[in-house]
Every structure is written in C-alpha cells, then in structure tokens.
Amino acid sequence: MPTSIYLICLILLSTLFSPMVLSIGDEQIIFEDQLEFICYSKYLSESKMGIMMEGLLQPLQRDNSTDYANLTNTPSNTLPVSNIADDGRMDSPWPMKCHDTRHTSRSPYSTSNNNGAILWKFRVGDLIEGGIVVDENGVVYFGCFDWYLYAVNPDGTLKWRYKTGGTIWSSPAIGSDGIIYIGSWDHCLHAVNPDGSRKWKFWAGDTASITSSPVIGDDGTIYFGAMGPNKPDIKGRVYALNPDGTEKWHYDTGDWITSDPALGEDGTIYIGSTGTYLYAFYPNGTLKWRFKTGHYVKGPPSIAEDGTIYFGSYDDYLYALYPNGALKWKCKVGHGTETNPSIGPDGTIYVGGDRLYAVNPDGTIKWSFNLGKDQHIHQSSPAISSDGIIYVGTNIGETSGGDIIAINPDGTERWRCRIADEWVDSSPCIDQNGIVYIGSSSEESSYLHAFGQGNIPPDKPSISGPSNGRVGETYSYTFTTSDGNGDNIFYYVKWGDGSRSGWIGPYHSGETITLNHTWNHKGSFVIQAKAKDIYGLESGWSTLEVKYA
C-alpha cells in the first residue's frame, strides 16, 4: 500500500452466522490479512461521522434457508418474478460496473479500430479505485478517493462533480431515468440527478461503509452491500432500496459485504461476503441458499445465459454453481481474486489473478496470459468488446506502477500502456464508439484515461513492375497503399542504384501512382518504397528485387 495510506489493523473475532440464518456449527472466523478493508487513507480520517440517520431500518422476517458446500445437483426452487434482469444495454453503452445486471462485462460494441492511443486524460485529486460507467450521451462517471463523484464530457472536460462525505471505492450505476447511484465511506448511498444535484441519500448505518457497487433491477430496485452497521453479530448487510430512497428490505450476513451484487434472470440476487460465502436471495429479501468457500468472497459474481453463477474466492479457486447453489465445478486460478469473472461472446470466462485466465464453460483452462514481471490483477474486472478483445488493469508489485493491457481472444497481447506509478485497480468500460475508459492511481496525480483510435501509419506500399530488363531502357513501376485514417499519403522510393525519389505527393489513400526509372549499370537491384501520412507517421519499407543486363 502507498505511504500516503495509514493502516489501522483490526482483528475482529465474531461468530460466523447471524441469528437470521441457519447455523451448521459453532465455527468462528478471525479477520486478518485484510488490509484492503481495514485501512484508512489520509482523507478517510476526515470523514464526516455525524451523519443523521434518514430512515429507521426495520428487521425483516425470513423463512428457512439452506447452506450448501458440496451439494449434488437437485431441482431448483425459485420464485417467479416480473423484474427480469436487464441485458445491460439499456440506453447506455456501459451503465454500471461490469456492464449489466448479470455482470458479463461484455460490450455490444467493437473495439477493432482501437489501437491504444491516449485520446485524453482527466486529472483528479486522489486515487481512482472503482469502475467507470458511460451514459447514453457519452458522459463518463466515476468515483474518487477525494470524496467526489465526477461527470466528464466525451471530450475530457469536466461537466460537474458531486461531493459525498467520504472516500469513494464504489462504482456508479445509471438508472433508466438517468439518476446516478453510488456508495461512499460516509455510510450513505447517494442518488444524484443528471445535472449533479442530490436527489436523495440513504444512510446505511453506523460504520456501514459502502464499497459495494450498486446494481439496479428492472423495476428500479437498487441493490448493494455494506460493511456494517457495526453492531453485535451484524458486521455486514445487504440492502434493497426503492427508487425513492426508502428501504425495501435488508439482510444481515454477519460479515462484511464488499462484493457487488448480480441479478439472475429470475430476479435472484447473488453477492459474496468476507465470511467465505456466496449468498443467493429471493427478490423479497429471504435467503435462498448460501455456498461456502475456503476464504473471502470479495469480488462480484457473474451469471451466464444458462444461469450458471461464476465467482472467485481468496482460496485461489474460480467457482461455477448451478442456479440452485450446487457446485458445478471449480478451477484453480493461482491467486486469490477480487475480479469479476467476465463472460466472453463464446462463453469463455476471464478472471484475473497472477495471470489473466481464460476458462472454458466446462472448467478447463483455455489459456493463461502472462501479465509481465511482478504484475498481477487485483481488483480490475476485465471488459470485453463485441469482437472478443479483453481489457484489464494491472498492478506491478505492491505500489510500483500499473498498466492497461489489451489482449486478443486467442490470448496474445494486442497493446499495453503504463498509466500509473502505483497501481491500476479501476475496472475499464467501453463506449459506443469503441473508446475504452479506465482510472489510474498514483501518488502525485491520478487520471481518467480515454483510449481509442489515434493516428495510425499507412500500410506498406505494394510495388508492381517488371523484375528484369535491359540497361539503358526506361521502365514503369506502380506503387499503392492505404491509410487507416483515410489521410493523404506521400511516397519515398529508393531504386537500389543510389538514386532516390525523395518524398513525393500527397496522393489520396488507395490511389495508384506510376514512376519511371532507368538503370545505367547491369546487376541486381532492390527497389524499396515506404509511405507517410500528412502528419508524418511512416510505414515500413516494402521491397522488390530486379535484375538488369
């Protein structure tokens, strides 16, 4: 962790189960080695702790529930509901963290022309740890450790910023009416109007900091988790709020909730906890089942089209569960993960750790991508374009820097860019123009970065003409190439006998030109040609060998 962060290590001894869920033993858990969740920045110490409660939290009667560990597949017992999970496209290209309510992190837009050029970057006052979202007008939203929710125009200028009462680790979510929802360490979920004014805020309880990113159901219900309230046997809570900011229900898990919820097609809410469980809730807030892993479940789950639930745990496994909570398979991925298991167009699951792993739907490893020396993926959830290109942020060591990497569907590197001198935990997103946005975290300055198609060089020219002839006679050769941006083109030709054309042009992209040349000495010669655009970006050399006698 950076020197600017002061660590307050707490060892919390608590019973594993709250009275509201079925106990299967007298297990206890000690919270340790969780520096990510028990550390406070220099800004957090200035949090406004005296926030007035805006609503009385009422307990909810719950029915019997079930714990699952290694259950065999049995018929699912679900409740039919009308609020089917949205496919995520809505009116926004990327309306919430991981794109949609099922957390596929898959965009309907192509990035095939994105060559990793930095179009612009927007500077902020502190770390950017959460995901980036984009509305239907191309406005980009993200939270920052400087307590602000930012709205940035598509050209990289500030539209507005909204101040909360604490550090923002959460990612925003955009409702169908344009309202932006985001959690903060001030223990509140904030609803912000599209003009940057406050609509309402919901107080989640004393010390109930919110790092969980909200997700919005089809009926407008807002779901999120909290790390409190800090009361006996209540160390974490899952909330459902009505669109007007009133509480619909809550469920006390007994352990911190830092995971982001995902919604199944039947309305089931899935969310992880630091108490080693993945929880499944009916839409009315009753516990459907919970599945125990070997360690913390801090990252968000994702849901495939067939209803399979994928999630990672700090026990180094990627899990796949049937909709009824039974284990389908688990796959060793080398390093405890907090990232979302993103789902590609062909069903491949991508999850980060010491490498980026591509896992087949049957649980076998398809490939793994070496991120580079000392690099790993901590919290950045991979984003996937419609053409299968994967984008993810990395950390180098603990605080030595971070990259954004673009990876082809076959596991080969497409491009990368160093964007931080500390780390990149932000989750990227993709807009309707194929632009990729991601935040960076640096000691001196952090940025929102926009990557897209910058100027690209022309292709190597093709050369056509006779391959042999007689000395002293004049021969014609044609040259042609195209520029990916459609820019006009200049040509430079070396004839192999010491003479050269110099830069000639400009010509239209794709236009064929003809040049004449006479060789005065016999022998073999290599004609070389290259092109440049009007901005001076050059292609490589192309060649043609000729012989004259």
*Restricting the range 329-349 to residues that are in contact (Cβ under 8 Å) with a residue 60 or more places away in the chain and assigned to a strand (DSSP E or B), which is surrounded by the fewest Cβ atoms within 10 Å (Cβ to Cβ)?*
I343
*Could you check, for the range 202-210, whether at least one of its residues is in contact with a Leu (Cβ under 9 Å, 6 or more places away or on another chain), at pLDDT 95 or above and surrounded by 21 or more Cβ atoms within 10 Å (Cβ to Cβ)?*
yes
*Quickly run through the range 477-501 and pick out the residues that are at pLDDT 95 or above, assigned to a strand (DSSP E or B) and over 12 Å from I527 (Cα atoms).*
T480, I489, F490, Y491
*Those residues of the range 148-167 which are at pLDDT 95 or above and either crowded, with 23+ Cβ neighbours inside 10 Å or of a type in the set (F, W, Y) (or both), in sequence order*: Y148, L149, Y150, V152, W160, Y162, T164
*Does the range 418-440 hold any residues that are in contact with a Ser or Thr (Cβ under 6 Å, 6 or more places away or on another chain), farther than 21 Å from D346 by Cα and in a strand (DSSP E or B), and which are they?*
I419, A420, W423, I438, G439
*So which residues in the range 292-326 are more than 20 Å from the chain's Cα centre (by Cα) and of a type in the set (K, R), if there are any at all?*
K292
*From the list E305, E247, pick out the single residue that is closer than 17 Å to T101 by Cα and not hydrophobic (A, V, I, L, M, F, W, C).*
E305
*Can you confirm whether the range 406-417 contains a residue that is closer than 30 Å to A280 by Cα, part of a strand (DSSP E or B) and either in the same structural domain as V297 (by TED's automatic domain parsing) or β-branched (V, I, T) (or both)?*
no
*Answer yes or no: is there a residue in the range 439-452 that is crowded, with 18+ Cβ neighbours inside 10 Å, farther than 27 Å from I396 by Cβ, within 40 Å of the chain's Cα centre (by Cα) and modelled with pLDDT under 95.*
no
*Inspect the range 222-237 for any residue being over 26 Å from the mean Cα position of the chain (by Cα), surrounded by 24 or more Cβ atoms within 10 Å (Cβ to Cβ) and assigned by TED's automatic domain parsing to the domain that holds G307 and give the result as yes or no.*
yes
*Would you point out which residue out of G401, G434, G352 is at positive phi, surrounded by 19 or more Cβ atoms within 10 Å (Cβ to Cβ) and touching a residue at least 40 places away in the same chain (Cβ under 8 Å)?*
G434
*Can you confirm whether the range 443-466 contains a residue that is out of contact with any Leu (no Cβ under 9 Å at 6 or more places or on another chain), among the hydrophobic types (A, V, I, L, M, F, W, C) and within 30 Å of H378 (Cβ to Cβ)?*
yes
*asked:* Condition first: exposed (fewer than 14 other Cβ atoms within 10 Å of the Cβ), of a type outside the set (D, E, K, R) and touching an Asp or Glu at 6+ places or on another chain (Cβ under 8 Å). Can you find one or more residues in the range 490-509 that meet it?
replied: no
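The values are calculated or read from the model by the stated rules, or taken from the named source; none is laboratory data. Keep in mind that this is a model prediction, so the values were computed, not measured. When we count neighbours, we look across all protein chains shown, and the Cβ atoms used for this are built from the backbone with ideal geometry, even at glycine.
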